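Okay, so here's the structure we're looking at.
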Amino acid sequence: MSPSPAGETPLVLVEDLEVHFPVRKGLFGRTTDVVRAVDGVSFTLGRGRTLALVGESGSGKSTTGYAVMGMERPTGGRVAIDGIDRATMTDAQAREATRRMQIVFQDPASALNPRMRVGDCIAEPLRIHGIGTRASRADRVAELLELVGLSPGAATRLPRDFSGGQRQRVVIARALALEPEVIVCDEAVSALDVSIQSQILNLLLALQERLGLAYLFISHDLSVVRHIADDIAVMQHGRIVEAGPVDTVFAAPSSPYTRALIDAVPRLERATRVG
Ligand SMILES: Nc1ncnc2c1ncn2[C@@H]1O[C@H](COP(=O)(O)OP(=O)(O)O)[C@@H](O)[C@H]1O
Ligand SMILES: [Mg+2]
């Protein structure tokens, strides 16, 4: 998908990825079965691009995202970041990959420490990586707040002072602190009201334009994906059943599963594109 220009190494390469989980079965858990959460998935994600992974709950989207992040170890295949295989990375390379890739989850409330001021939440990754002084970190926090559309005064407040959409902006600001190149958005707008969803999607698009970010955008909701993705990969039972440019897939889905997912999008939403 979105084949990178000849000779250019993709930012993220996923090749024949398998993540199988052993699960205990039977009365005494003696026999084991295998859940093939991800079962032969391949794709590339180029700089500044958005690839949407869509599919029903349980299709293997999050597990794929975790493997890309290095949070889940593949049982087969490989993940390479900028041409370097995750399995053979030195500690230093793995640390650098961790800095370059961030993940944003569905629920901003659980992603933020309720007792920590918003400014400290955003500065935390910088502090952990020993970057800057207290004063320079405060400047960076102000910059990041501005970037996500929050006022500088937000820094001294607590997460509970904000709405769900604003909290997700805080989470995004923190994800941007270490200047990543890739953000995995795992159902990042799924918990928000539709009007707030489109505001956050527009923010993600603006940030991509400004910072050249690449998104691996995971969602069960095709109406959301259509607005933000360049390319789309449809997952079912741990496999990609269809992939291509988003407009092509929406206009003429080749798999009946994709067709069914598109038909499940309420007509009204299909008619009125977000934004
Ligand atoms: N740690 C785990 N152990 C066993 N099964 C798992 C584990 N993580 C995920 N699964 C299973 O793998 C499948 C894919 O899960 P997931 O990647 O979370 O799907 P999605 O994000 O598309 O909803 C599901 O059947 C899920 O129950
Ligand atoms: Mg998931």
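The values are calculated or read from the model by the stated rules, or taken from the named source; none is laboratory data. Only a predicted model underlies this, so the values are computations on that prediction, with no experimental measurement involved. Backbone-built Cβ (ideal geometry, glycine too); neighbour counts: all protein chains shown.
If you check every pair at least six apart or on different chains, which have Cβ atoms under 7 Å apart with a residue in the stretch 202-226 that is at pLDDT 95 or above first and a residue that is part of a helix (DSSP H, G or I) and of a type outside the set (A, V, I, L, M, F, W, C) second? The qualifying pairs are Leu203/Arg169; Tyr215/Gln208; Leu216/Gly65; Ile218/Lys61; Ile218/Ser62; Ile218/Gly65.
Can you list the helices (runs of 4 or more DSSP H) found entirely within the stretch 69-167 that contain at least 1 residues being of a type in the set (Ser, Thr, Tyr) and modelled with pLDDT under 95? Full working, then the answer.
Numbers: elements: 91-100, 108-111, 118-128, 134-147.
Per the criteria, 91-100, 108-111.
Filter the stretch 72-104 down to residues that are in contact with a helix residue (DSSP H, G or I) (Cβ under 6 Å, 6 or more places away or on another chain) and within 16 Å of ligand 1 (Cβ to nearest atom), then give me how many there are. Residues flagged as in contact with a helix residue (DSSP H, G or I) (Cβ under 6 Å, 6 or more places away or on another chain) and within 16 Å of ligand 1 (Cβ to nearest atom) within the stretch 72-104 amount to 5. Restricted to the stretch 217-268, the set of helices (runs of 4 or more DSSP H) holding at least 3 residues that are among the aromatic types (Phe, Trp, Tyr) is empty.
So is Gln102 within 17 Å of the chain's Cα centre (by Cα), under 30 Å from Arg160 (Cβ atoms), more than 16 Å from ligand 2 (Cβ to nearest atom) and not hydrophobic (A, V, I, L, M, F, W, C) or not?
Values: within 17 Å of the chain's Cα centre (by Cα): yes; under 30 Å from Arg160 (Cβ atoms): yes; more than 16 Å from ligand 2 (Cβ to nearest atom): yes; not hydrophobic (A, V, I, L, M, F, W, C): yes.
Considered against the rule, which asks whether it is within 17 Å of the chain's Cα centre (by Cα), under 30 Å from Arg160 (Cβ atoms), more than 16 Å from ligand 2 (Cβ to nearest atom) and not hydrophobic (A, V, I, L, M, F, W, C), Gln102 comes out as yes.
Filtering the stretch 45-71 to residues that are within 13 Å of ligand 1 (Cβ to nearest atom) and in contact with a Pro (Cβ under 6 Å, 6 or more places away or on another chain) leaves only Ala67. Residue count for the stretch 194-216 satisfying the condition of being outside any helix (DSSP H, G or I) and surrounded by 18 or more Cβ atoms within 10 Å (Cβ to Cβ): 4.
Can you confirm whether Ser57 is within 25 Å of Pro245 (Cα to Cα), surrounded by fewer than 14 Cβ atoms within 10 Å (Cβ to Cβ) and within 16 Å of ligand 2 (Cβ to nearest atom)? When the stated conditions are applied, Ser57 passes them.
Out of Asp247, Asp230, which single residue is among the acidic types (Asp, Glu), away from ligand 1 (no atom under 16 Å from the Cβ) and within 22 Å of Val68 (Cα to Cα)? Steps first, answer last, please.
Values: Asp247 fails: within 22 Å of Val68 (Cα to Cα).
Answer to the check: Asp230.
Given the condition more than 30 Å from Asp161 (Cα to Cα), over 16 Å from the mean Cα position of the chain (by Cα), among the polar types (S, T, N, Q) and more than 15 Å from ligand 1 (Cβ to nearest atom), answer yes or no: does some residue in the stretch 113-131 qualify? No, the stretch 113-131 contains no residue that is more than 30 Å from Asp161 (Cα to Cα), over 16 Å from the mean Cα position of the chain (by Cα), among the polar types (S, T, N, Q) and more than 15 Å from ligand 1 (Cβ to nearest atom). When the stretch 217-243 is filtered for residues that are surrounded by fewer than 19 Cβ atoms within 10 Å (Cβ to Cβ) and of a type in the set (A, V, I, L, M, F, W, C), only Val241 remains.
How many residues, within the stretch 9-37, are touching a strand residue (DSSP E or B) at 6+ places or on another chain (Cβ under 6 Å) and among the polar types (S, T, N, Q)? Residues flagged as touching a strand residue (DSSP E or B) at 6+ places or on another chain (Cβ under 6 Å) and among the polar types (S, T, N, Q) within the stretch 9-37 amount to 2.
Within the stretch 180-193, being surrounded by fewer than 19 Cβ atoms within 10 Å (Cβ to Cβ) and over 15 Å from the mean Cα position of the chain (by Cα) holds for one residue alone: Asp193.
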